[in-house]
1. Could you list, in sequence order, all residues of the range 1-16 that are surrounded by fewer than 14 Cβ atoms within 10 Å (Cβ to Cβ), in contact (Cβ under 8 Å) with a residue 12 or more places away in the chain, assigned to a loop (DSSP other than H, G, I, E, B) and not small (Gly, Ala, Ser)?
2. Has the range 135-148 got at least one residue that is closer than 26 Å to residue 190 by Cα, part of a loop (DSSP other than H, G, I, E, B) and of a type outside the set (A, V, I, L, M)?
3. Could you tell me whether the range 77-87 includes any residue that is crowded, with 20+ Cβ neighbours inside 10 Å, among the charged types (D, E, K, R) and assigned to a strand (DSSP E or B)?
4. Which one of 159, 171 is under 22 Å from residue 74 (Cβ atoms), surrounded by fewer than 20 Cβ atoms within 10 Å (Cβ to Cβ) and in contact (Cβ under 8 Å) with a residue 40 or more places away in the chain?
5. In the range 170-197, which residue that is in a loop (DSSP other than H, G, I, E, B) and of a type in the set (Phe, Trp, Tyr) is nearest to residue 45 (Cα to Cα)?
6. From the list 67, 56, 47, 19, which one is in a loop (DSSP other than H, G, I, E, B), among the hydrophobic types (A, V, I, L, M, F, W, C), surrounded by 15 or more Cβ atoms within 10 Å (Cβ to Cβ) and in contact (Cβ under 8 Å) with a residue 24 or more places away in the chain?
7. Search the range 115-149 for residues being in contact with a Gly (Cβ under 6 Å, 6 or more places away or on another chain) and not hydroxyl-bearing (Ser, Thr, Tyr), and hand back the single one that is nearest to residue 101 (Cα to Cα).
8. Report whether or not residue 31 is surrounded by fewer than 18 Cβ atoms within 10 Å (Cβ to Cβ), touching a residue at least 60 places away in the same chain (Cβ under 8 Å) and aromatic (Phe, Trp, Tyr).
Amino acid sequence: MLTIPLIGTTDSHQISHELKVKGLKTEISHYQWERSEDTIHDIHATLYLGHDNHSLYLYFEVKEPLLRATYNEHFSNVFEDSCVEFFFRESDTPNYTNIEINPHGAALVGYGEDRNNRIHPSIEYIHSLGITTTFSEELPYNGFWSVLYHIPMRNIEKDKVMYANAYKCGDLTTVPHFITLFYIDTQSPDFHQSSYFQPFNFE
């Protein structure tokens, strides 16, 4: 089981550094459902996690030479763009939340027991995540982008357990890709497989 550490600062100017120094580092590195003609191994995504007893903090760093960023509105199909995703459920419920974010910071968020009939939260909930990204429209693009946000959670007590998986995807990018933190054993791409979530506990 992976342990998410308690971090010392949540100052907006220092939190990404704090997560890189003291957070849990995970590599999103299972390149799944590849086509033989695709070469996607130059796409790399790292996720750092930490908490402050009230919120879970996530910092994604992505190296991606060919980036797609077309959506600017929340609740749009951001998974068609270059996208990072975090799916999680707290241990006492079968329902899980999906949070999907593109380089513009546009987010698709849903809640439910499976991929069908997802319930979308209010726009206020998305604003509460405090999403920031480093992507800029200015050229030349240097192959790097990142996403930082936090998820308000119910009381985070020591040894509280959460089940989750994280992904890097891009359904309509130049080279479509589906990369997972924890392996999913299905024949076609499907991130909505909560049975493959793995446990995390909180320090």
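1. 1
2. No, the conditions are met nowhere in the range 135-148.
3. Residues of the range 77-87 that are crowded, with 20+ Cβ neighbours inside 10 Å, as a first pass: 78-79, 81-87.
Checking the rest, the ones that are also among the charged types (D, E, K, R) come to 81, 85.
Filter once more, keeping what is assigned to a strand (DSSP E or B): 85.
Checked the range 77-87: at least one residue is crowded, with 20+ Cβ neighbours inside 10 Å, among the charged types (D, E, K, R) and assigned to a strand (DSSP E or B).
4. Details: 159 fails: under 22 Å from residue 74 (Cβ atoms).
Result of the check over 159, 171: 171.
5. First pass over the range 170-197, keeping only residues in a loop (DSSP other than H, G, I, E, B): 171-176, 181-193, 197.
In the following step, the residues that additionally are of a type in the set (Phe, Trp, Tyr) were identified as 182-183, 191, 197.
Details: 182: 13, 183: 15, 191: 16, 197: 18 Å.
Top of the filtered list is 182.
6. Numbers: 56 fails: in a loop (DSSP other than H, G, I, E, B); 47 fails: in a loop (DSSP other than H, G, I, E, B); 19 fails: in a loop (DSSP other than H, G, I, E, B).
Matching residue, one of 67, 56, 47, 19: 67.
7. Let us first name the residues in the range 115-149 that are in contact with a Gly (Cβ under 6 Å, 6 or more places away or on another chain), namely 118-120, 131, 133, 149.
Within this subset, residues satisfying the condition of being not hydroxyl-bearing (Ser, Thr, Tyr) are 118-120, 131.
Details: 118: 17, 119: 17, 120: 14, 131: 9 Å.
Ranking the qualifying residues of the range 115-149, first place goes to 131.
8. Numbers: surrounded by fewer than 18 Cβ atoms within 10 Å (Cβ to Cβ): yes; touching a residue at least 60 places away in the same chain (Cβ under 8 Å): yes; aromatic (Phe, Trp, Tyr): yes.
The answer is yes for residue 31.
The values are calculated or read from the model by the stated rules, or taken from the named source; none is laboratory data. All values reported here derive from a predicted model rather than from experimental measurement. Ideal geometry is used to build each Cβ from the backbone, glycine not excepted, and the neighbour counts take in all protein chains shown.
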